[in-house]
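**Q** Starting off with a structure, shown below.
The values are calculated or read from the model by the stated rules, or taken from the named source; none is laboratory data. None of the values given here were measured: they were computed from a predicted structure. Glycine gets a Cβ as well: all are built from the backbone with ideal geometry, and neighbour counts include every protein chain shown. The protein model used for the area step is the full one, side chains on, heavy atoms only, and it has no ligands, DNA or RNA in it. Shrake-Rupley method; radii C 1.70, N 1.55, O 1.52, S 1.80 Å.
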Amino acid sequence: IYVESVQAAQTEEEKTEGAIPAFVRDPLHSQQEVYLHGEAEKGEGTVVVTPRSFDFGYVYPKDESHDEVARISISNVGSGDLTLGDAVLDASCDPAYSIVSSFSADSVLAAGASTLVEVAFNPTHDSPAYCGLIVGSNDATNSSIDVTMKANSGADPENVPPSVSIRSPSPGYEYN
């Protein structure tokens, strides 16, 4: 959660008199992130998937032995066991995406344990590519969590691979 510091309200008269408020907002750290730790009810498993979105950036076609890989962490932050379902790619995924390694269906994560799913991206073109990873579990509130992935999309509307121009030495010049 985020906690924000505030300042006591003052009347216009108090402001003009230069009165100091009862409490003052912290000018340097006006907002702080606080991590809370809790326990799930009835000893249930609670799934947390991070990151929930992954951007591979611009990846240009290359040989198949050098995939770009995203590591998605699946954790059980509950107080009981968590049974995992499948981790599958959405049917509309670009074919450049593939699951490299994953847990097996019906794997059980003990409280506090985590595992990984590795998703590879190896494009055959430099066009934008999108995919969704679906992680299933027996978590009562989040039985299916989606992770969105993208590559070769964003601020560059042309999405053109880099080019090189040799300015010096001039063409035809030889080095011994």
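**Q** Mind checking Rg over Rh on region 47-129, alpha carbons, Kirkwood formula for Rh? Before the final figure, lay out the partial values.
**A** On the way: Rg = 14.7 Å, Rh = 14.1 Å.
With Rg and the Kirkwood Rh in hand, the quotient comes to 1.04.
**Q** In addition: Expressed as cubic angstrom per residue, what is the convex hull volume of the alpha carbon set of region 1-91?
**A** Spelled out: Cα convex hull of region 1-91, divided by residues, is 253 Å³.
**Q** Sticking with this structure for a sec: Can you send over the carbon and sulfur percentage of the accessible area for the chain, probe radius 1.4 Å, protein chains only?
**A** The nonpolar share, carbon plus sulfur, comes to 51 percent.
**Q** Mind checking Rg over Rh on the chain, alpha carbons, Kirkwood formula for Rh?
**A** Rg/Rh: 1.23.
**Q** Hey, another quick one. Return the calculated 222 nm mean residue ellipticity for the chain, to the nearest 500 deg cm²/dmol, obtained by summing -39500 (n - 2.57) across DSSP H runs with n ≥ 4 and dividing by the residue count.
**A** Only helices count here, giving -1000 deg cm²/dmol.
**Q** Quick one: give the max-minus-min coordinate of the C-alpha atoms of region 54-95 along each principal axis, largest first, in Å.
**A** 44, 20, 19
**Q** A follow-up question, please. What is the packing order of peptides 89-101, 120-132, 73-85, taking the mean over residues of other C-beta atoms within 10 Å and listing the highest first?
**A** Going from most to least packed, we get 73-85, 120-132, 89-101.
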